[in-house]
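Presented below is the structure to which this report refers.
Rule-based calculations on the coordinates, nothing more; no lab input. Please read these numbers as outputs of a predicted model, since none were measured by experiment. No Cβ is skipped: glycine too gets one built from the backbone with ideal geometry, and neighbour counts run over all protein chains shown.
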Amino acid sequence: MAVTPPSLTTGAPMSEKRNDIPGAPAPQPPSVAEPTEPHEPLPPKPDQEAPEAVSPTGKPTGAPASARAQSGAYLTTAQGARLYETDHSLKAGARGPVLLQDHHLREKITHFDHERIPERVVHARGAAAHGIFKGYGTAAKVTKAAFLAKDTETPVFVRFSTVLGSRGSSDTVRDTRGFATKFYTEEGTFDLVGNNIPVFFIQDAIKFPDIIHAGKPHPDREIPQAQSAHDTFWDFVTLHTEAAHHTLWNMSDRGIPRSYRMMEGFGVHTFRLVNAKGDTTLVKFHWKPKLGVHSLTWEEAQITNGMDPDFHRRDLADAIEAGAFPQWELGIQVFPDNAEQTFEGIDLLDPTNIVPEELAPVQPIGLLTLNANPTNYFAETEQVAFHPGHLVPGIDITDDPLLTGRLFSYLDTQISRLGGPNFAQLPINRTHAPVNDMLRDGMHQTAVHSGTAPYRPNSLDGGCPFLAGADNGAYIEVPVDVPAARKVREAPESFSDHFSQPRLFWLSMTPVEQEHIIAAYTFELSKCYEQAIKERALQVLANIDPQLCGQVADGLGLPAPEPTVKLADVAPSPALSQVGKVWPVEGRIVGIVAGPEADLDGVRAAREALLGAGMVPLVIAPTGGALGSGKDPIAVQRTFANARSVEFDALLLAGAPAPGADAYGARDAKAGEPSAGAVADPRIVLMLAEAFRHGKAIGGWAGAESALEAAGVTTTAPGVALVDTGADAVEQVARLLGEHRVWARFPAAL
Ligand code: HDE
């Protein structure tokens with residue numbers, strides 16, 4: 001209920017007292033009046049509710065943490081003391097010195113001074129969402145992990161990220177993407193901390209600081225930000241040829257995803273699963289997006305960097321808020337747990353290897369649906385702490401030397417990033433399973449532990465807590481044999497083939513995808529200054545494929561070297577290509593370009609048809625407001641001033657009032673008449689030219705051709721659909737969008 005706070009001020013309000021300087025202008029009333037009636041903060045939107053917070057003992061905490069931090073209508077200090085004023089420091093007279101005794105001022109500024117925590121050393125820029133994972137129960141044969149073995153639902157939190165850029169960098173850079181999932185299972189938390197690329201740059205964790213130092217901005221000038229197109233990155237990845245495979249994926253379209261919703265995810269390492277009988281199996285985890293795997297073109301990615309650096313973050317949050325919940329199927333590739341830990345000759349402990357899906361199909365075991373945006377970015381997305389060592393019974397690790405190093409790194413990094421060892425008590429990190437550990441005290445301890453004997457065994461706390469049975473614990477420690485060996489700092493011989501797998505990837509790409517890869521290498525290497533680095537990079541490419549090497553060499557104006565290894569005779573894996581399949585179009589963004597003179601009934605029909613097909617129509621008009629008057633005006637979502645082609649998956653041009661008329665111009669301001677003649681607005685001309693160049697579907701109806709002609713777009717080109725009505729145009733565009741792009745318009749020199 002609204003309460004009027006008693007006035008604590010006396011005399012004239014502060015705003016009237018302030019300007020007592022002779023000759024100063026009289027104080028102006030604030031342009032927007034401050035509300036005087038206190039009321040509770042607006043409740044979060046239904047889609048922003050987080051899973052219920054759970055205490056370390058597994059019991060609900062009662063009031064959620066947000067309610068404890070934000071209750072009551074009055075502004076208070078951190079100690080709950082009500083404040084009557086917060087805009088002026090306490091001073092000795094209005095123009096006098098500020099008094100040190102102003103505790104409220106000191107508390108407010110001190111807290112602010114400490115608002116930032118160190119960003120993640122890698123994967124600093126992220127976006128996250130809550131969701132539900134539904135296990136199909138089909139994995140019971142290979143694992144006893146209940147969330148996979150049973151037909152059951154588990155709450156999850158997923159964080160996507162770029163790797164190299166700082167927290168404030170841009171989304172659409174060429175980079176690997178993180179895909180980290182926290183499963184809050186009843187048996188403890190399981191973290192699947194994966195990437196959108198199934199292999200890694202290095203085979204041994206000891207090189208991780210080196211590859212990251214090489215990829216990060218140069219230490220002298222701190223440039224370039226969030227880019228791999230610079231000397232130190234290419235220096236490292238050409239000196240360590242084990243990086244050739246991951247680098248090739250980065251240079252492919254996988255390095256510039258269209259959306260987090262349209263990325264695959266991979267656990268990268270081989271994991272060991274254990275079933276109820278104690279049998280073990282080796283597996284690789286895969287996330288398969290229901291919307292398919294799609295990418296930007298490099299030019300789109302670059303324009304988007306400036307136009308909307310938050311493109312992926314916004315896309316994810318908007319889709320979830322609109323109810324277009326993104327989904328991924330979790331699948332596993334299954335391999336026998338043999339002593340060699342190889343499959344069809346592929347070393348499963350080498351994280352620079354994939355196993356082609358044609359050799360070991362991905363078997364679906366569950367469905368992930370992201371259905372709620374975080375309520376608070378800092379509390380959830382920033383403070384979430386993943387760790388590949390967060391395992392549950394039924395999931396164990398292997399001896400992949402990269403994975404072993406990670407098991408140390410993640411816990412260690414959280415201690416400095418989150419300010420101490422108690423970060424598991426933060427709401428987003430709390431497990432949903434009962435916790436009874438013997439970890440005590442430390443910075444930011446929020447639990448009030450009872451009992452007197454935090455050690456084991458004890459006789460003072462009734463012997464509690466007890467140990468689980470050997471077959472009941474999370475850390476199963478499968479008693480695998482470790483062959484008698486010498487202590488050495490070296491890799492096995494099987495880790496030394498660095499070129500067969502990149503060649504397999506290259507040969508699996510369609511011509512248009514190969515064209516993009518060539519363009520990416522040429523762009524990146526042209527940004528390097530050191531000739532020796534470019535030459536070394538060409539040598540790596542020669543060892544992958546002579547055509548790839550030759551075309552990049554041409555682009556750089558350098559001779560192509562001969563291979564120094566025998567080119568591997570490998571069979572392509574068509575599953576690796578992103579081209580040639582048809583995918584759902586739900587959630588795709590279609591811009592409808594229209595002006596006040598356009599066929600507005602057609603625009604209404606097109607909007608309805610797009611919404612009916614689950615797509616998002618955005619009307620683009622010369623000015624904001626609405627098109628048309630009367631009872632059914634059409635809201636304008638984008639104007640010519642703020643729209644750019646990269647925001648749309650496809651464009652529709654509304655029909656013109658008469659052949660050759662400009663359907664998209666504003667009315668002539670003086671005469672109030674529609675502007676005649678061909679489309680003149682350069683922003684629309686640019687939008688159409690870009691959409692065409694980027695292989696996007698373009699539809700239009702009745703008289704839209706003059707706009708296309710102005711943009712130099714051939715109306716008979718593939719993927720350009722000029723039809724009679726708005727609804728027909730939508731049908732054509734939806735068909736084309738199913739393939740993501742009009743591939744027939746490529747290869748193009750992008
Ligand atoms: Fe990470 N990685 N990583 N990484 N990684 C981190 O942990 C590390 C690797 C991955 O959204 C850090 O909490 C080492 C592979 C993701 O919060 C840090 C090595 C894969 C995220 C760390 C690797 C990943 C991280 C930085 C080589 C794919 C973001 C902040 C042995 C399978 C998680 C943090 C999030 C984050 C170390 C290699 C994925 C420093 C030492 C391989 C998705 O601990």
*Could you compute the FRET efficiency for residue 95 and residue 69, with r as their C-beta to C-beta distance and R0 at 45 Å, rounded to 0.05?*
0.80
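What's the exposure ranking of 444, 432, 312, 694, going from fewest to most Cβ atoms within 10 Å? Don't skip to the answer; put the middle values down first.
On the way: 444 12, 432 19, 312 27, 694 23.
In order of increasing Cβ crowding within 10 Å: 444, 432, 694, 312.
Could you give the length gained by full extension between residue 461 and residue 445, i.e. 0.36 nm per residue of separation minus their alpha carbon distance, to one decimal place? Write down the numbers at each step before the final one.
On the way: separation 16, 0.36 × 16 = 5.76 nm, distance 2.13 nm.
Gain on stretching residue 461 to residue 445: 3.6 nm.
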*Could you line up 632, 87, 210 from fewest to most neighbouring Cβ atoms inside 10 Å?*
87, 632, 210
*Going down the table (487/566; 288/527; 182/288; 150/284), which pairs top 22 Å between alpha carbons?*
487/566; 288/527
_Within the chain, helix-based [θ] at 222 nm, where runs of 4 or more DSSP H residues each add -39,500 (n - 2.57), nearest 500_ = -7000 deg cm²/dmol
*By count of other Cβ within 10 Å, fewest leading, how are 230, 245, 449 ordered?*
449, 230, 245
*Give, in nm to one decimal, the length gained when the segment between residue 623 and residue 288 is fully stretched (0.36 nm per residue of separation minus the Cα-Cα distance).*
116.5 nm
*Toward the positive end of the charge dipole of the chain, about the Cα centre and with charges on Cβ (Lys, Arg +1; Asp, Glu -1), which of 80, 123, 311 goes farthest?*
80
*Dipole-positive endmost among 245, 621, 360 within the chain (Cβ charges, Cα centre)*: 621
*How high is the FRET efficiency from residue 408 to residue 635, r the C-beta distance, R0 60 Å, rounded to 0.05?*
0.65
*Quick one: longest stretch of the chain between exposed loop chymotrypsin sites (Phe, Trp or Tyr not before Pro), exposed meaning at most 14 other C-beta atoms within 10 Å and loop per DSSP?*
85-454
_Nothing charged except the Cβ atoms of Lys and Arg (+1) and of Asp and Glu (-1): what's the magnitude of the dipole of region 526-599 about its Cα centre? Round to the nearest 20 debye._
260
*What does the charge count near residue 378 come to, summing +1 for each Lys or Arg and -1 for each Asp or Glu among other residues with Cβ under 10 Å from its Cβ?*
-2
*Which value, in debye to the nearest 20, gives the size of the charge dipole of region 278-317 about its Cα centre, when Lys and Arg are +1 and Asp and Glu are -1 at the Cβ?*
220
_Local electrostatic count, residue 691, Cβ distance below 13 Å [Lys/Arg +1, Asp/Glu -1]_ = +1
*Report the longest stretch of the chain that contains none of the GluC sites (Glu not before Pro) sitting in a DSSP loop with at most 13 other Cβ atoms within 10 Å.*
531-750
*Using +1 on the beta carbon of Lys and Arg, -1 on that of Asp and Glu, and nothing else charged, what's the dipole of the chain about the Cα centre, debye to 20?*
1320
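Using alpha-carbon pairs under 8 Å, 6+ residues apart, how would you state the relative contact order of region 499-576 in percent? Kindly include the intermediate steps, with their values, before the conclusion.
Numbers: 87 pairs, mean separation 35.1, N = 78.
Averaging sequence separation for qualifying contacts and normalising by length gives 45 percent for region 499-576.
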*Dipole of region 589-745 (Lys/Arg Cβ +1, Asp/Glu Cβ -1, origin at the Cα centre): which of 640, 657, 710 lies farthest to the positive side?*
640
